[in-house]
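**Student:** Can you keep this structure in mind? I'll have questions shortly.
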Amino acid sequence: MLKGRGLITIGIFSAIYFVINFAFMLMGGLRPVMWILICVFSVCRFFFPE
């Protein structure tokens, strides 16, 4: 049976794992959005040069 300290340790490591996993999923999900934004910015730069 786990005591209080063991449960706290499991909770901390679970939170760290969740944050790392969430960060990698976020980076993977933003990639298609970045493709669209790069296309939009290049078209705007081509048609509206400074």
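The values are calculated or read from the model by the stated rules, or taken from the named source; none is laboratory data. All figures in this text were calculated on a predicted structure; none of them were measured in a lab. A quick note on method: Cβ atoms are made from the backbone with ideal geometry, for glycine too, and the neighbour counts reach across all protein chains shown. Heads up: the accessible areas ignore ligands, DNA and RNA and are worked out on the full protein's heavy atoms, side chains in. Shrake-Rupley method; radii C 1.70, N 1.55, O 1.52, S 1.80 Å.
**Student:** Semi-axes of the chain's equivalent ellipsoid from the Cα gyration tensor, sqrt of 5 times each eigenvalue, largest first, rounded to whole Å?
**Tutor:** Working from the Cα gyration tensor, I get semi-axes of 47, 8, 4 Å.
**Student:** Still on this structure, please answer the following. In nm, what is the difference between 0.36 nm times the number of residues separating Cys44 and Arg5 and their Cα-Cα distance?
**Tutor:** Extra length available between Cys44 and Arg5 comes to 8.4 nm.
**Student:** With everything on Cα atoms, drop me the angle between helix 4-47 and the longest principal axis of the chain, reported from 0 to 90° to the nearest 10.
**Tutor:** Between helix and principal axis, roughly 0 degrees.
**Student:** Show me the trypsin sites (Lys or Arg not before Pro) within the chain that DSSP assigns to loop and that have at most 15 other Cβ atoms within 10 Å of their Cβ.
**Tutor:** Taking the chain and a limit of 15 other Cβ atoms within 10 Å, the loop trypsin sites (Lys or Arg not before Pro) found are Lys3.
**Student:** If you count only protein heavy atoms with a 1.4 Å probe, what accessible area per residue comes out for the chain, rounded to a whole Å²?
**Tutor:** 102
**Student:** If Lys and Arg each add +1 and Asp and Glu each add -1, what is the summed charge of the other residues whose beta carbon sits under 13 Å from the beta carbon of Ile38?
**Tutor:** +2
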